[in-house]
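Input: a single structure, listed below in structure tokens.
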Amino acid sequence: MTDAYIVGVDMIKFGRFPDRTVPNIGAEAALLALDDCGLTIQDMQALYCGNLGQASGMVGQRLLQEIGQTGIPVVNVANACATGATAFREGWAAIKAGLYDLVLCVGVEQMGKGLLGGAGGGTGIPKEGLLGSGTMPAVFAEAGMEHTRKYGTTFEQFAKVSVKNHHHSTLNPKAMYQIETPLDVVMNAEMISYPNTKLMCSVNVDGSAAAVIASEKKAKELGLMDRAVKVRASVMSSDPWQERDLVMPDVNSCTRKAAREAYEMAGIGPDDIDLVELHDCFATAEILHYENLGLCGDGEAGQFIDSGASALGGKCPVNVSGGLLSKGHPLGATGIANIYEVSTHLRGEAGQRQVEGAKLGMTHVIGLGSACGIHILEKV
């Protein structure tokens, strides 16, 4: 099987674009990624498009109407917050299998306002109202409090995640918000679901990101290896059955499963990773995922944030882009936007936020339901 390389990757500046369509937003990122490697849509052999809000709307085909309909196969993907990562993995798998030598992967979303989640449809006894709220702020608040019960993690430690990520965002021109949020401001912001205040919740924004993946033979043939990024591992997982799943969402197990498999596929361990873009949909989530990804031991996440290990310049910088808390979280685009961020550091092109000497980076997204996507990327 051939190795697969990212040869072109980019994203638009996340924001609000009420006067634009989803295909139009996606087309912009697609063209940016193609320009990044000097190729055109005529060079692509397949398109994998991730979008959640219009999953039945054939967004990939409509995107091609914006940039060129060449007759290539189009696969539209929806997989909760792991949608973009899933689209990317489908493209990677096709390259690895030898089906194609060049594919385009796009993630795009236009978000509404308000809280995600809730009771939903279906029959039987609804969990909403009986077992607590099914909204995402409540789910991740509960997960944070469970961590506090087991390990003593404090409100201040959770809040420090937001301080760090908002600081990182001031160095990222493509982040939605680029503002400092001191600890007292974060802790005294409007409480959404304890311990997550409003500044500890991810930002609903519009956005898109795209990547061009090439086989090793094609990347060399086109002279694109000098800025290529190797996909060392690509893993998807879902929750294994657990008794607790019957009444309470589990935000940890599928990440731990995917992380183990990704490290095994890449032939490395957590200590080899130089930077991580993980799914900080809420500040509590980032704390949990330090441990889920093996960046520290169980019960050590509070100390990990206190020590500065996850800040730029620390042992393993996490969410140097500003993360979902500040860069924004357009569901279908997030997975590929994370890949863009890590790739930019591995190329040495991240400017003020550059993680010096970065050789290996990890991206992580999780959608409750459940789906987790992890990629390990390597500097060539």
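The values are calculated or read from the model by the stated rules, or taken from the named source; none is laboratory data. Bear in mind the structure is a predicted one, so any value in this text is a computation, not a measurement. Cβ coordinates were reconstructed from backbone atoms using ideal geometry, including for glycine residues, and neighbour counts include every protein chain displayed.
Only one residue in 332, 367, 323 is in contact with a Leu (Cβ under 9 Å, 6 or more places away or on another chain), modelled with pLDDT under 95 and surrounded by 24 or more Cβ atoms within 10 Å (Cβ to Cβ), so which one is that?
367 is the lone residue from the list that is in contact with a Leu (Cβ under 9 Å, 6 or more places away or on another chain), modelled with pLDDT under 95 and surrounded by 24 or more Cβ atoms within 10 Å (Cβ to Cβ).
Residue by residue through the stretch 22-60, note down the ones that are surrounded by fewer than 16 Cβ atoms within 10 Å (Cβ to Cβ) and among the β-branched types (Val, Ile, Thr).
Answer for the stretch 22-60, where residues must be surrounded by fewer than 16 Cβ atoms within 10 Å (Cβ to Cβ) and among the β-branched types (Val, Ile, Thr): just 40.
Any chance you could count how many residues in the stretch 331-380 are part of a loop (DSSP other than H, G, I, E, B) and either out of contact with any Ser or Thr (no Cβ under 8 Å at 6 or more places or on another chain) or of a type outside the set (A, V, I, L, M, F, W, C) (or both)? Show your work before the answer.
The initial filter retains those residues of the stretch 331-380 that are part of a loop (DSSP other than H, G, I, E, B), namely 331-333, 347-350, 354-359, 368-370, 380.
With either out of contact with any Ser or Thr (no Cβ under 8 Å at 6 or more places or on another chain) or of a type outside the set (A, V, I, L, M, F, W, C) (or both) added as a condition, the list becomes 332, 347-349, 354-359, 368-370, 380.
Within the stretch 331-380, residues that are part of a loop (DSSP other than H, G, I, E, B) and either out of contact with any Ser or Thr (no Cβ under 8 Å at 6 or more places or on another chain) or of a type outside the set (A, V, I, L, M, F, W, C) (or both) number 14.
If residue 284 meets every condition in (1) touching a Ser or Thr at 6+ places or on another chain (Cβ under 6 Å); (2) within 30 Å of residue 53 (Cβ to Cβ); (3) part of a helix (DSSP H, G or I) apart from one, which number is that one?
(1)
Residues checked against (1) among the hydroxyl-bearing types (Ser, Thr, Tyr); (2) modelled with pLDDT of 95 or more; (3) more than 16 Å from residue 5 (Cα to Cα); (4) crowded, with 24+ Cβ neighbours inside 10 Å:
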position	(1), (2), (3), (4)
179	no, yes, yes, no
191	no, yes, yes, no
194	yes, yes, yes, no
197	yes, yes, yes, no
207	no, yes, yes, yes
215	yes, yes, no, no
220	no, yes, no, no
244	no, no, yes, no
251	no, no, yes, yes
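Looking at the stretch 341-374 only, could you name the residues that are closer than 12 Å to residue 233 by Cβ and in contact with a His (Cβ under 8 Å, 6 or more places away or on another chain)?
361, 362, 363, 364, 373, 374
State yes or no: is residue 244 under 20 Å from residue 361 (Cα atoms) and basic (Lys, Arg)?
The answer is no for residue 244.
Do you know which of the residues in the stretch 14-39 that are within 21 Å of the chain's Cα centre (by Cα) and of a type in the set (D, E, K, R) is nearest to residue 59 (Cα to Cα)?
28
Looking at the stretch 111-134, can you tell me whether even one residue there is among the β-branched types (Val, Ile, Thr) and at pLDDT below 95?
Scanning the stretch 111-134 turns up at least one residue that is among the β-branched types (Val, Ile, Thr) and at pLDDT below 95.
Collect the residues in the stretch 4-29 that are within 30 Å of residue 380 (Cα to Cα) and either free of Cβ contacts under 8 Å to residues at least 12 places away in the same chain or out of contact with any strand residue (DSSP E or B) (no Cβ under 6 Å at 6 or more places or on another chain) (or both), keeping them in residue-number order.
Across the stretch 4-29, the qualifying residues are 10, 13, 27, 28.
Pick from 359, 315: which is free of Cβ contacts under 8 Å to residues at least 60 places away in the same chain and either surrounded by fewer than 18 Cβ atoms within 10 Å (Cβ to Cβ) or among the hydrophobic types (A, V, I, L, M, F, W, C) (or both)? Spell out how you get there, then give the answer.
Numbers: 359 fails: free of Cβ contacts under 8 Å to residues at least 60 places away in the same chain.
That would be 315, the only listed residue that is free of Cβ contacts under 8 Å to residues at least 60 places away in the same chain and either surrounded by fewer than 18 Cβ atoms within 10 Å (Cβ to Cβ) or among the hydrophobic types (A, V, I, L, M, F, W, C) (or both).
State the number of residues belonging to the stretch 7-21 that are buried (at least 19 other Cβ atoms within 10 Å of the Cβ) and either in contact with a Lys or Arg (Cβ under 8 Å, 6 or more places away or on another chain) or modelled with pLDDT under 95 (or both). Walk me through how you get there before you give the answer.
Filtering the stretch 7-21 for residues buried (at least 19 other Cβ atoms within 10 Å of the Cβ) gives 7-12, 14.
Narrowing the set further to residues that are either in contact with a Lys or Arg (Cβ under 8 Å, 6 or more places away or on another chain) or modelled with pLDDT under 95 (or both) leaves 7, 11-12, 14.
Count: 4.
Just need a number here: residues in the stretch 176-193 that are touching a residue at least 40 places away in the same chain (Cβ under 8 Å), part of a loop (DSSP other than H, G, I, E, B) and hydroxyl-bearing (Ser, Thr, Tyr).
Number of matching residues: 1.
Within the set of pairs 6+ apart or on separate chains, which have a first residue in the stretch 290-310 that is without any contact (Cβ under 8 Å) to a residue 60 or more places away in the chain and under 19 Å from residue 363 (Cα atoms), a second that is among the basic types (Lys, Arg) and not in a loop (DSSP other than H, G, I, E, B), and C-beta atoms under 8 Å apart?
Hits for this filter: 292/256.
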